[in-house]
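The values are calculated or read from the model by the stated rules, or taken from the named source; none is laboratory data. Source: prediction; values computed, not measured. Heads up, the Cβs are rebuilt from the backbone with ideal geometry, glycines too, and the neighbour counts pull from every protein chain shown. The area values use the complete protein model at the heavy-atom level, side chains included, leaving out ligands, DNA and RNA. Shrake-Rupley method; radii C 1.70, N 1.55, O 1.52, S 1.80 Å.
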Amino acid sequence: MKKFVTNMIGAKYVTSQPYDLERSFQDSAPGIPIFVFLSPGVDVAASVEQLGSKLGFTSDAGRYVSVSLGQGQESIAMNALTNAHKNGGWVLLQNVHLTIDWTSGPLEKRVDKLSEGAHSDFRLFLSAEPPPALERPLPISLLQNSIKLTNEPPEGLRPNLRRAYSQFNEEILESCAKQAEFRTIIFALCYFHAALLERKKFGVGNLPGATSGIGWNMNYPFNTGDLLCCGQCTANYLENNVKV
């Protein structure tokens, strides 16, 4: 199908637009949240933190709060939202689909009136699994009031490998004393990470409506945070051991 569409009307219709949070941020406002749908290999928190650091919204400065939703986190999330809405700052609420009752109730009502009395520096970021993977749908008004983004991983082992390796800048690569060994292991980790993501195309057994599970039995995102954590563990191991 991809080849057919490419031959008939052009490659641009089968090529997804690159994920650009900074460009989308320019269209946001205190009363317009940014809603990011999760996809394999994507770490929303890292991209929001990176943009926040660039614009001066960091947790150290008390201007950025990230809350991963789950049991008992609803009140913490609402307090962070209320404080930033009044005093200015960024709030990232991750995995809002895990607390669907709260998301469909208090959060939806809060977002409906988000523009009322909001500080000019206030921004709200939300993340959730895409609708087909959810047991219960997300509130329609919440989606309608938000700028919706998705960061699909590139197709193919080589593009995924390039994207994974691009997460390690020169500052990270030069931070380890054993640079030759570190760079070699990082490349191997990136190759392994790309292979993990590509294997998902063969099916994930526990997803709703799955017809094949020969790729993976269980669904796990294998996101950028996992990759960077492995890179940090590698650096620590190399620094703390004389022999490799």
*Give region 162-181 a look and list any residue that's touching a residue at least 24 places away in the same chain (Cβ under 8 Å) and open to solvent by less than 30 Å² (accessible area, probe 1.4 Å), or say none.*
164, 168, 176
*asked:* Of the residues 28, 66, 24, only one is within 13 Å of the chain's Cα centre (by Cα) and more than 30 Å from residue 215 (Cα to Cα); which?
replied: 66
*Is one or more of the residues making up region 108-123 modelled with pLDDT of 90 or more and closer than 30 Å to residue 204 by Cβ?*
yes
*Which strands (runs of 3 or more DSSP E) does region 1-110 wholly contain that include 3 or more residues that are open to solvent by less than 10 Å² (accessible area, probe 1.4 Å) and either closer than 23 Å to residue 150 by Cβ or in contact (Cβ under 8 Å) with a residue 60 or more places away in the chain (or both)?*
34-37, 89-94
*Residue list for region 44-81, restricted to those being over 15 Å from residue 126 (Cα atoms) and hydroxyl-bearing (Ser, Thr, Tyr)*: 53, 58, 59, 75
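Which of the residues spanning region 117-129 are at negative phi and in contact with a helix residue (DSSP H, G or I) (Cβ under 9 Å, 6 or more places away or on another chain)? Walk me through it before giving the result.
Filtering region 117-129 for residues at negative phi gives 118-129.
Once the filter is applied, which keeps residues that are at negative phi and in contact with a helix residue (DSSP H, G or I) (Cβ under 9 Å, 6 or more places away or on another chain), region 117-129 yields 118, 119, 121, 122, 123, 124, 125, 126, 127, 128, 129.
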